[in-house]
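Working notes for the structure below.
The values are calculated or read from the model by the stated rules, or taken from the named source; none is laboratory data. Only a predicted model underlies this, so the values are computations on that prediction, with no experimental measurement involved. Heads up, the Cβs are rebuilt from the backbone with ideal geometry, glycines too, and the neighbour counts pull from every protein chain shown. Note: accessible area is taken over every heavy atom of the protein model, side chains too, but ligands, DNA and RNA are not part of it. Shrake-Rupley method; radii C 1.70, N 1.55, O 1.52, S 1.80 Å.
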Amino acid sequence: MRIHRIITAALIAAALPLLVPASASAAKIAVIGTGNVGAALGPEFAAQGHTIVYGSRNPSEQKVKDLVAKTGHGATAATQLDAVKGAEIVVIAVPGTAAEEVVKSLGDLSGKIILDPTNRVKRNSPDGNLDYDKPANADSNAQLIQALQPNAKVVKAFNTLNVRQMTDPETAGGPITIPIAGDDAQAKATIAQLVKGMGLEVVDLGPLRYANALEQMLVIWGNARAHGAAFNYYLRPQPAAPTPPPAAPAPPR
């Protein structure tokens with residue numbers, strides 16, 4: 001299965017210049033954070049032909065060096081501030097509660113696509129379930145990031161599944177949908193190509209104001225897993241209605 005995915009990703013990467021704008025076919029992507037999410041998305045994006053630079057607080061740390069080596073394809077690591085320089089796409093792969101501070105520290109990201117896979121979850125509910133931890137100054141983490149970087153193009157994506165299915169979607173036993181939301185159509189199209197290049201499906205849920213719903217989808221997903229009813233999101237497209245047959249001609253009078 002994994003070999004099949006590698007071959008598929010290679011074919012998609014080869015075809016990208018014909019399918020999408022040049023800015024999406026050979027992008028420099030800054031992955032801010034080298035934890036589970038960054039370590040899952042970085043190698044997957046590199047396999048599609050993109051140049052990855054990891055932004056780390058300690059870029060010389062051995063685990064970061066190991067991640068760079070695993071990623072290959074010319075990947076490098078730098079400080080978080082240096083990583084975003086010249087990047088077309090910036091991935092905020094940090095804990096949800098740290099996103100605000102990290103985004104503030106990156107300087108002006110005007111014109112860049114910001115991919116936000118973060119989540120905010122309360123884990124101390126009396127009944128043991130997870131609850132949504134809405135940020136204080138916005139309806140969602142994605143909208144908070146957009147407010148901090150008003151001239152960037154924020155897209156919410158990759159927040160409704162775990163890293164195992166990110167890197168090996170066949171383990172889900174069927175298709176997986178990545179819902180996305182954002183205000184810029186071209187930015188969403190660029191992120192959609194990354195999603196499809198990983199062997200996942202994508203559905204556009206609309207403007208960034210719906211990122212609140214995506215972030216709460218993770219809470220539902222997490223509670224189901226905790227109760228032994230794990231699932232993955234698959235939003236099956238509705239088939240087009242069949243074309244009605246032509247009307248019979250009127251009988252002659």
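Note on region 38-58: residues that are of a type outside the set (A, V, I, L, M), farther than 13 Å from Asp82 by Cα and either part of a strand (DSSP E or B) or open to solvent by 10 Å² or more (accessible area, probe 1.4 Å) (or both) total 4.
Residues in region 198-209: is at least one under 13 Å from Asp116 (Cα atoms) and either open to solvent by 10 Å² or more (accessible area, probe 1.4 Å) or touching a helix residue (DSSP H, G or I) at 6+ places or on another chain (Cβ under 7 Å) (or both)? Quick ask: steps written out before the conclusion?
Step one: filter region 198-209 for residues under 13 Å from Asp116 (Cα atoms), giving 208.
Remaining after also requiring either open to solvent by 10 Å² or more (accessible area, probe 1.4 Å) or touching a helix residue (DSSP H, G or I) at 6+ places or on another chain (Cβ under 7 Å) (or both): 208.
Yes, region 198-209 contains a residue that is under 13 Å from Asp116 (Cα atoms) and either open to solvent by 10 Å² or more (accessible area, probe 1.4 Å) or touching a helix residue (DSSP H, G or I) at 6+ places or on another chain (Cβ under 7 Å) (or both).
Scan region 69-87 for residues that are crowded, with 21+ Cβ neighbours inside 10 Å, out of contact with any Lys or Arg (no Cβ under 8 Å at 6 or more places or on another chain) and part of a loop (DSSP other than H, G, I, E, B) and the total you get is 1.
Here region 88-105 is the region considered, the condition is being in a helix (DSSP H, G or I) and of a type in the set (Val, Ile, Thr), and the residue that is surrounded by the fewest Cβ atoms within 10 Å (Cβ to Cβ) is Thr97. Look at region 206-229: where a residue is without any contact (Cβ under 8 Å) to a residue 40 or more places away in the chain and a partner is among the acidic types (Asp, Glu), sitting 6+ places away or on another chain with Cβ atoms under 8 Å, you get Pro207/Asp183.
Filter region 114-153 for residues that are among the aliphatic types (A, V, I, L, M) and within 21 Å of Asn36 (Cα to Cα); which is farthest from the chain's Cα centre (by Cα)? My answer is Leu130.
Within region 52-69, no residue that is at positive phi sits with its Cβ atom under 8 Å from a residue that is aromatic (Phe, Trp, Tyr) and in a strand (DSSP E or B) at 6+ positions apart or across chains. For region 47-61, state whether one or more residues are more than 21 Å from Gly182 (Cα to Cα), touching a Lys or Arg at 6+ places or on another chain (Cβ under 6 Å) and modelled with pLDDT of 95 or more. Yes, region 47-61 contains a residue that is more than 21 Å from Gly182 (Cα to Cα), touching a Lys or Arg at 6+ places or on another chain (Cβ under 6 Å) and modelled with pLDDT of 95 or more.
Out of region 150-164, which residues are in contact with a helix residue (DSSP H, G or I) (Cβ under 8 Å, 6 or more places away or on another chain), of a type outside the set (D, E, K, R) and surrounded by fewer than 18 Cβ atoms within 10 Å (Cβ to Cβ)? Give the derivation first.
Let us first name the residues in region 150-164 that are in contact with a helix residue (DSSP H, G or I) (Cβ under 8 Å, 6 or more places away or on another chain), namely 152-161, 163-164.
When the remaining residues are screened for being of a type outside the set (D, E, K, R), the result is 152, 154-155, 157-161, 163.
Within region 150-164, Val163 is the sole residue that qualifies.
Right, Val195: closer than 24 Å to Lys28 by Cα and either in contact with a strand residue (DSSP E or B) (Cβ under 6 Å, 6 or more places away or on another chain) or among the small types (Gly, Ala, Ser) (or both) or not? For Val195, the condition - closer than 24 Å to Lys28 by Cα and either in contact with a strand residue (DSSP E or B) (Cβ under 6 Å, 6 or more places away or on another chain) or among the small types (Gly, Ala, Ser) (or both) - is met. Among residues of region 103-124 that are free of Cβ contacts under 8 Å to residues at least 12 places away in the same chain, those with a beta-carbon under 7 Å from a residue that is open to solvent by 10 Å² or more (accessible area, probe 1.4 Å) and assigned to a loop (DSSP other than H, G, I, E, B) at least six positions away or on a different chain give the pairs Lys122/Leu130; Lys122/Asp133; Arg123/Leu130.
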